[in-house]
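Trainee: Handing you this structure, nothing more for now.
Derivation of every value follows stated rules applied to the coordinates shown; laboratory data play no part. Because the structure is predicted, anything quoted here is derived from the model rather than measured. Counting neighbours? That spans all protein chains shown, and the Cβs are built from the backbone with ideal geometry, glycine included.
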Amino acid sequence: MNTTTEPMTFDLRRNPHGRLVLRLADGTEHEAVTPVRAFPIAAPQEGLSLVGADGHELAWVPRLADLAAAARTLIEEELAAREFVPTITRIRSVSSFSTPSTWEVDTDRGAAQLVLKGEEDIRRLSGRTKLLIAASDGLHFHVPDSQALDRASRRLLERFL
């Protein structure tokens, strides 16, 4: 595991099956590499681990922006395929102000419906206005700034906070 603050030297490519292949500076190659963010919500562009098929870290990337453009693009494509956390832009309605309740929301990925099992499924992240909402089906929704929502959405959300 690389724990230094300097980025590792490596090459990254896709094999014919679409899996990431990591070639380290010592010449060893690892197939089916998975990028994993250390802090996916709080600092998505910083602290990324490239993990081998066995689950062990092969390389540490302090900042995604420091990588060569080709490697950064491959990692971003892989992350986009794995991570799906829609951002709530508007809360249209809630079925009940007690839980469980069904929410109709608009997101950056389109309209969605989620079931909130309990108020504890709404977590505050780094401050008072950044939220992560866990739906009953395991999908997570992100609210980067609850104060930026429209007034009606804020009122509905405040009933659960």
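Trainee: Anyone know which of His17, His142, His56 comes out most mobile in the 10 Å Cα GNM of the chain?
Mentor: Of the options given, His17 has the highest mean-square fluctuation.
Trainee: So which GluC sites (Glu not before Pro) in segment 44-120 are both in a DSSP loop and have at most 13 other Cβ atoms within 10 Å of their Cβ?
Mentor: Taking segment 44-120 and a limit of 13 other Cβ atoms within 10 Å, the loop GluC sites (Glu not before Pro) found are Glu83.
Trainee: Using amide H atoms built in the peptide plane, which far-off residues or other-chain residues are under 5 Å from Arg92 H to H?
Mentor: Glu104, Val105, Asp106
Trainee: Where the centre of each part is set by its Cα atoms, how far does segment 122-151 sit from segment 40-63, in angstrom?
Mentor: A separation of 24 Å, based on Cα centres.
Trainee: Rounded to a whole number of µm²/s, how large is the Stokes-Einstein D of segment 1-85 at 4 °C and 1.567 mPa s, given Rh as the Kirkwood radius over C-alpha pairs?
Mentor: 100 µm²/s
Trainee: If the elastic network links every pair of Cα atoms under 10 Å, which of Thr99, Thr107, Thr87 fluctuates the most in the Gaussian network model of the chain?
Mentor: Thr99
Trainee: If I take every Cα pair under 8 Å that is 6 or more residues apart in segment 1-117, average their sequence separation and divide by the length, what percent do I get for the relative contact order?
Mentor: 16 percent
Trainee: When the label point is put 7 Å from the Cα of Phe97 along its Cα-to-beta-carbon vector, which residues of segment 118-137 have a backbone N closer than 13 Å?
Mentor: Under cut-off, by backbone N: nothing.
Trainee: Could you please rank Leu139, Leu157, placing first whichever residue has the fewest other Cβ atoms within 10 Å of its Cβ?
Mentor: Leu139, Leu157
Trainee: Sticking with this structure for a sec: Using Cβ contacts closer than 10 Å as the measure, can you line up Arg124, Arg151 from fewest to most?
Mentor: Arranged by neighbour count, lowest to highest, Arg124, Arg151 become Arg151, Arg124.
Trainee: Suppose we keep just the alpha-carbon trace of the chain; what are its Rg and Dmax in angstrom?
Mentor: 19.3, 59
Trainee: Between Asn15 and Ala148, what is 0.36 nm times their sequence separation minus the Cα-Cα distance? Round to one decimal in nm.
Mentor: Between Asn15 and Ala148, full extension yields an extra 43.6 nm.
Trainee: Right, here's the next one. Beyond 18 Å, how much of the Cα-Cα pair distribution for segment 88-158 remains, as a whole percent?
Mentor: 29 percent
Trainee: Arg72 versus Glu104, label points 7 Å from Cα toward the beta carbon: distance in nm?
Mentor: A separation of 4.2 nm, rounded to one decimal place.
Trainee: Right, something else. Using Cα springs under 10 Å in a Gaussian network model of the chain, which residue among Pro35, Pro62, Pro100 shows the largest mean-square fluctuation?
Mentor: The residue that fluctuates most here is Pro100.
Trainee: Another question about this same structure. Let me check against my output: what whole-number percent is the relative contact order of segment 88-158, with C-alpha pairs under 8 Å and at least 6 apart?
Mentor: Relative contact order, segment 88-158: 26 percent.
Trainee: Counting only other residues whose beta carbon sits under 12 Å from that of Lys130, what net charge do I get with K and R as +1, D and E as -1?
Mentor: Details: positive: Arg123, Arg124, Arg128; negative: Asp145.
It works out to a net charge of +2.
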